[in-house]
Amino acid sequence: MKLVTSWFGLLKLALIIGVAVSAVYTFLDILYVNEASATGIDPLEDASNWNPVLALAFMLFGLVAAGAGIFLVIASIGFVFRAAQWLKGQDDSAVRFKPGWAIAGYIIPVTSVIIPFMFQWDLNKGGYHSEESKKQTKTLLIVTLVCAALSSILFRSGLTDLVLVLSGSTEEISFEDFISNEWKSIYGSLFDMAGMTALFFASRNIFDGLRIRSESVGLRQSL
C-alpha cells in the first residue's frame, strides 16, 4: 500500500500542475487567436506585431503543457497499476483485468480512455469508503470519461488539416479553417481541465477507499 500512497501523491501533483498549466496556456491561446483574427496573420510570423513577450510565453507554455501531459500519464499509470496490483492481491475478482493492462491501456490510442476508466471503476467498487462516496466517484469518473472523449474528438478534428499538409497534400488550409482549428484546440483544453478536476476528486475518493480497506485488513490481522 506504500507504493499506492506514493503514486497517489504524484498523481495529485500531476493533476494540479496539469490544470494550472492548461489554464495559463488556454488563456494565452485565446489571446493568440484573437490577435490572429484581428490582424489576419499568424501572430508568430515575423510580419506580426504581436507582443514578443506573449509570443515567447505562448511557445514556452506549449512545451510546458506537453511535459505536464507526459507527467500526468506516467503518474496515472503508476497509481492505477499499483492500486490494481494491491487490490487484486486482496481479492483476485475485484479487478477485471490483469494490472499490466493499466500500462497498455494508457498507451494504446483507442483504449487510452476506456481501459483506465474501467480500472478506476473497479478500484472505486473495491474500496471501503461509504456508498455515498462511491456514487459520487462514479459520477466524477463518468464526467472524466466524457470530457476526455470530447477533448480527444476536438483535438483530432483540429489536427486533420495539419496532417494533410504534413503528408504533402496539395490542399491548403484557409485562414478561416486555421482559426476554427485553434478554437477547437481551446475548447479541447477546457474539457481537459474539467476532466482533470473531476479526476482529482475521483482519485482522492478511490485512494481513501483503498486506504480504509488497507487499515481494516491490518486491524484484522493484528487481532
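The values are calculated or read from the model by the stated rules, or taken from the named source; none is laboratory data. Predicted model only: the values in this text are computed from it and were never measured. Reconstructed Cβ throughout: ideal geometry from the backbone, glycine too, with neighbour counts over all protein chains shown. Each accessible area value is taken on the protein alone, full model and side chains, heavy atoms only, with ligands, DNA and RNA left out. Shrake-Rupley method; radii C 1.70, N 1.55, O 1.52, S 1.80 Å.
Structural remarks
- Scanning the range 4-57 for residues that are part of a helix (DSSP H, G or I), among the aromatic types (Phe, Trp, Tyr) and in contact with a helix residue (DSSP H, G or I) (Cβ under 7 Å, 6 or more places away or on another chain) gives TRP7, PHE8, TYR25, TYR32.
- Residues located in the range 1-20, provided they are among the small types (Gly, Ala, Ser) and under 23 Å from GLY89 (Cβ atoms): SER6, GLY9
- Here is the figure for the range 1-51: residues that are open to solvent by less than 50 Å² (accessible area, probe 1.4 Å), of a type in the set (Gly, Ala, Ser) and over 13 Å from ALA68 (Cβ atoms) total 4.
- Selection status of VAL53, hydrophobic (A, V, I, L, M, F, W, C) and either touching a Ser or Thr at 6+ places or on another chain (Cβ under 9 Å) or under 22 Å from ARG204 (Cβ atoms) (or both): no
- Within the range 27-52, the set of residues being of a type in the set (S, T, N, Q), without any contact (Cβ under 8 Å) to a residue 24 or more places away in the chain and under 15 Å from ASN181 (Cα atoms) comprises ASN34 only.
- Unmet criterion (only one of (1) touching a Gly at 6+ places or on another chain (Cβ under 9 Å); (2) at pLDDT below 70; (3) open to solvent by 70 Å² or more (accessible area, probe 1.4 Å)) for PHE155: (2)
- Of the residues making up the range 82-121, those that are free of Cβ contacts under 8 Å to residues at least 12 places away in the same chain, within 20 Å of THR144 (Cα to Cα) and either touching a helix residue (DSSP H, G or I) at 6+ places or on another chain (Cβ under 6 Å) or open to solvent by less than 50 Å² (accessible area, probe 1.4 Å) (or both) are ALA104, THR111, SER112.
- Test: residue in the range 193-205 that is basic (Lys, Arg) and either surrounded by fewer than 16 Cβ atoms within 10 Å (Cβ to Cβ) or under 23 Å from ALA38 (Cβ atoms) (or both): no
- Identity of the residue in the range 58-74, of a type in the set (A, V, I, L, M) and surrounded by fewer than 18 Cβ atoms within 10 Å (Cβ to Cβ), that ends up nearest to MET196 (Cα to Cα): VAL73
- Residue ID - least open to solvent (accessible area, probe 1.4 Å), chosen from residues in the range 122-145 that are of a type in the set (D, E, K, R) and out of contact with any Lys or Arg (no Cβ under 8 Å at 6 or more places or on another chain): LYS138
- Residue within the range 210-222 that is modelled with pLDDT under 80, open to solvent by 70 Å² or more (accessible area, probe 1.4 Å) and acidic (Asp, Glu) present: no
- Complete set of residues in the range 100-118 that are part of a helix (DSSP H, G or I) and either closer than 19 Å to PHE71 by Cβ or within 15 Å of the chain's Cα centre (by Cα) (or both): ALA102, ILE103, GLY105, TYR106, ILE107, THR111, SER112, VAL113, ILE114, ILE115, PRO116, PHE117
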